[in-house]
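The values are calculated or read from the model by the stated rules, or taken from the named source; none is laboratory data. Here the structure is a predicted model, which means the values were calculated and not measured. When we count neighbours, we look across all protein chains shown, and the Cβ atoms used for this are built from the backbone with ideal geometry, even at glycine. These accessible areas exclude ligands, DNA and RNA; they are computed on the full protein's heavy atoms, side chains included. Shrake-Rupley method; radii C 1.70, N 1.55, O 1.52, S 1.80 Å.
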Amino acid sequence: MAAEQQYIDIFLECGSAINKHSSELLNSKRAEAFENFKKNGFPTRKVEKYKYTDADELFAPDYGLNINRLDIPVNPYKVFKCDVPNMSTALYFVVNDSFYPVSQASPNIPEGVIIGSLKEFSEKHPEIIEKYYGKIAKTEEDSITALNTMMAQDGFLLYVPKGVVVERPIQLVNILHSSVDLMSNRRVLVILEENAHAKLLICDHAMDDVKFLSTQVIEAFIGDNSLFDLYELEETHNRNVRFSNLYVSQSANSNVLLNGMTLHNGVTRNMTNVSLEGKGAEIKLCGMAIADKREHIDNNTFIDHKVSDCSSNELFKYVLDDEAVGAFAGKVLVRHDAQHTNSEQTNRNLCATRTARMYTQPQLEIYADDVKCSHGATVGQLDENALFYMQQRGISLREARLLLMFAFVNEVIDNVRLDVLKERLHVLVEKRFRGELSKCEGCAICK
């Protein structure tokens, strides 16, 4: 039986229960998503976007689902301690795929800003959510998005109204917690109206040593002249499978920084789709992956230049050790009317062993003639001459390897626009290379 059949059966048998514990607006998208999922099934490796990750195999095991929203006893405020000190973030939690009710009001959040449960906000203000939810995450175009839309019952919402600047960084901690193998389907909706500013840090943690499979769909709508930073930090364990699809729509003169960093995982497959809808929009898209043992990290990106005078800059770096597998496929599309486009795409990869594997596929598709575009990719090993040079000056081989690997990924970290986070990431990455960081050391749930 194909892997998708079990999810088709679950939806047919439990559809009423799924709806009962969600909101009318989220429920309104399920039927179409189900039909698209039933029609297309899980993508095989014959599908270009999924050629490096076998979704059918990864979804085949029997995972539990908390459809009836049974209470899972955990107080994240007591078990979680952020590994990034002095961030002074506004802190929120999603446990598996349910928003954890905030016990106290977050200080320094401007009036009009709404942060909380997607389910609850869609019940109170359906006119706002209806305008955005499911509008760029097309279920007919991606089966993982379809499955998530079928099954997601809650999620996280960040809404910043026109002209509001949120100075304090917002931190969302996704906690995976279960005594049995579990699948979670979470949704994130970000809405920045015109002239709004916000920074969001999303951290993934696994509390228990069981198999977790998570799907995540993020939709981000960034209005005219708005500024948005999204940082994702994954620190789970090697029994965790994560599929994350991020969709971003940018209006005129908006400025967005996306920076995704994987420090620990089992299998990670990230897809990022950015649509530049208004003139003057700028996107900086970065990614960093550190993998060893038999970890697998696959990033698939698509930047769509729809109008003129926009810019995109893309930088992804991987360091792979042992038998780890990495994949990067990035496509930049410049449409006919997108004159004066400035686009740069770079993928650099370091294989520390001969058994590590990296697949890279940068692509440019250009239909305008007045543009400045470039792309490039490299896969290499540690520089033997540099290693020899450092050893000649008294640096041990192990230390020399660590220094070269750290310097290699530094460029991605330096794009972070939060100084405290940037400084802490330097420390975390160094510890990761030294084998001192098996999981987020400041987080009590990981000890």
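Listing for the model above:
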| item | result |
| --- | --- |
| Candidates THR360, THR378, THR215, ranked by Gaussian network fluctuation over the chain, Cα under 10 Å, top entry | THR378 |
| Among SER117, GLY41, GLY380 the positive-end extreme of the charge dipole of region 3-383 (Cβ point charges) | GLY380 |
| Given charges at Cβ of Lys, Arg, Asp, Glu: the chain dipole, positive-most of GLN250, VAL420, THR272 | VAL420 |
| Most mobile of GLY280, GLY394, GLY380 in a GNM of the chain (Cα contacts under 10 Å) | GLY394 |
| Local electrostatic count, LYS46, Cβ distance below 12 Å [Lys/Arg +1, Asp/Glu -1] | 0 |
| Answer label for semi-axes √(5λ) of the Cα gyration tensor in Å (calculated), chosen among [x] 32, 26, 24; [y] 46, 26, 16; [z] 36, 24, 20 | [x] |
| GNM top mover of VAL173, VAL267, VAL420 - the chain, alpha-carbon springs below 10 Å | VAL420 |
| Carbon plus sulfur fraction of accessible area for region 3-383, probe 1.4 Å, in percent | 46 percent |
| Lys, Arg +1 and Asp, Glu -1 on Cβ, resulting dipole of the chain about Cα centre, debye, nearest 20 | 640 debye |
| Region 155-233-region 353-378 distance, computed between alpha-carbon centres (Å) | 28 Å |
| Environment charge at ARG294 (Cβ cut-off 12 Å; Lys +1, Arg +1, Asp -1, Glu -1) | -2 |
| Cleavage-rule hits (trypsin sites (Lys or Arg not before Pro)) in region 299-361: DSSP loop, at most 11 neighbouring Cβ within 10 angstrom | ARG354 |
| Dipole of the chain [Lys/Arg +1, Asp/Glu -1 at C-beta], most positive-end residue of GLY287, ILE395, VAL94 | ILE395 |
| From phi via Karplus (6.51, -1.76, 1.60), per-residue ³J(HN,Hα) for region 304-319 in Hz, x at Gly/Pro | 10, 7, 8, 10, 7, 6, 10, 9, 9, 9, 10, 9, 10, 9, 10, 10 |
| Alpha-carbon centroids, region 302-335 and region 244-273: separation in whole Å | 10 Å |
| Probe 1.4 Å, accessible area per residue of the chain, Å² | 41 Å² |
| Ellipticity estimate at 222 nm from DSSP helix runs (n ≥ 4, -39,500 (n - 2.57)) divided over the chain, nearest 500 | -7000 deg cm²/dmol |
| Surface accessible to a 1.4 Å probe, GLU423 within the full protein complex, Å² | 120 Å² |
| The chain: antiparallel DSSP beta bridges as a percent of all, rounded to 5 | 5 percent |
| Length-normalised contact order for region 3-383 - Cα pairs under 8 Å, 6+ apart - percent | 11 percent |
